[in-house]
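Peer 1: Here you go, one structure.
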Amino acid sequence: MKCHHCDKQATVHLTQILNGQMHKMDLCESCAQANGVTNPENLSIGTLMVNKEDETKSPAGKMVCESCGTTHQDFKKGGRLGCEACYHVFRPILDPLLEGMHAGTQHLGKIPSASESRVQFVQSVETLKKQLFNAIENEDFEKAAELRDQLKALENEAKV
């Protein structure tokens with residue numbers, strides 16, 4: 001994860017619950033010391049975020065998922081999204097969070113990362129799915145069961 005104040009690697013992770021809302025902040029060692037985190041007596045994440053834009057004024061403060069009604073505040077408070085549509089609605093908020101935690105914002109799975117291996121894997125899966133569809137249409141259920149098992153084995157292999 002990246003530091004909230006600079007682009008260094010965060011090593012200090014703070015969580016504060018204030019008025020029922022959870023606030024998280026990640027800092028590098030130097031920013032943590034510069035902001036007095038090493039002396040936690042009067043520490044408040046709110047004071048560390050002074051230069052951050054007030055979220056009620058930002059567009060994120062007004063975001064609401066039309067499918068389930070989850071608001072930006074609901075997401076901040078609970079740390080969870082309500083439905084699949086939330087991932088699209090809250091993308092402007094999620095992308096920076098994910099970029100700080102992961103190598104990217106798209107899940108590529110655990111199949112081999114070399115593009116040629118990935119292409120071969122996808123082609124194998126697509127071929128098996130077509131064969132499975134044809135076997136079902138031809139009512140060759142034994143063949144369909146074998147193909148189904150091969151597909152499951154490939155998918156399980158990709159998860160490892």
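Peer 1: Would you be able to tell me the number of residues in segment 96-126 that are surrounded by 13 or more Cβ atoms within 10 Å (Cβ to Cβ) and modelled with pLDDT of 80 or more?
Peer 2: Residues in segment 96-126 being surrounded by 13 or more Cβ atoms within 10 Å (Cβ to Cβ) and modelled with pLDDT of 80 or more: 2 in total.
Peer 1: Something else now. In segment 146-160, which residues are out of contact with any helix residue (DSSP H, G or I) (no Cβ under 9 Å at 6 or more places or on another chain) and modelled with pLDDT of 80 or more?
Peer 2: If the condition is that a residue be out of contact with any helix residue (DSSP H, G or I) (no Cβ under 9 Å at 6 or more places or on another chain) and modelled with pLDDT of 80 or more, then Asp149, Lys152, Ala153, Asn156 are the ones that fit.
Peer 1: Is it the case that segment 82-89 has a residue that's loosely packed, with under 13 Cβ neighbours inside 10 Å, over 29 Å from His4 (Cβ atoms) and modelled with pLDDT of 75 or more?
Peer 2: No, segment 82-89 contains no residue that is loosely packed, with under 13 Cβ neighbours inside 10 Å, over 29 Å from His4 (Cβ atoms) and modelled with pLDDT of 75 or more.
The values are calculated or read from the model by the stated rules, or taken from the named source; none is laboratory data. As the structure is a prediction and not an experimental result, all values here were calculated from the model. With ideal geometry, Cβ positions are generated from the backbone for all residues, glycine too; neighbour counts draw on all protein chains shown.
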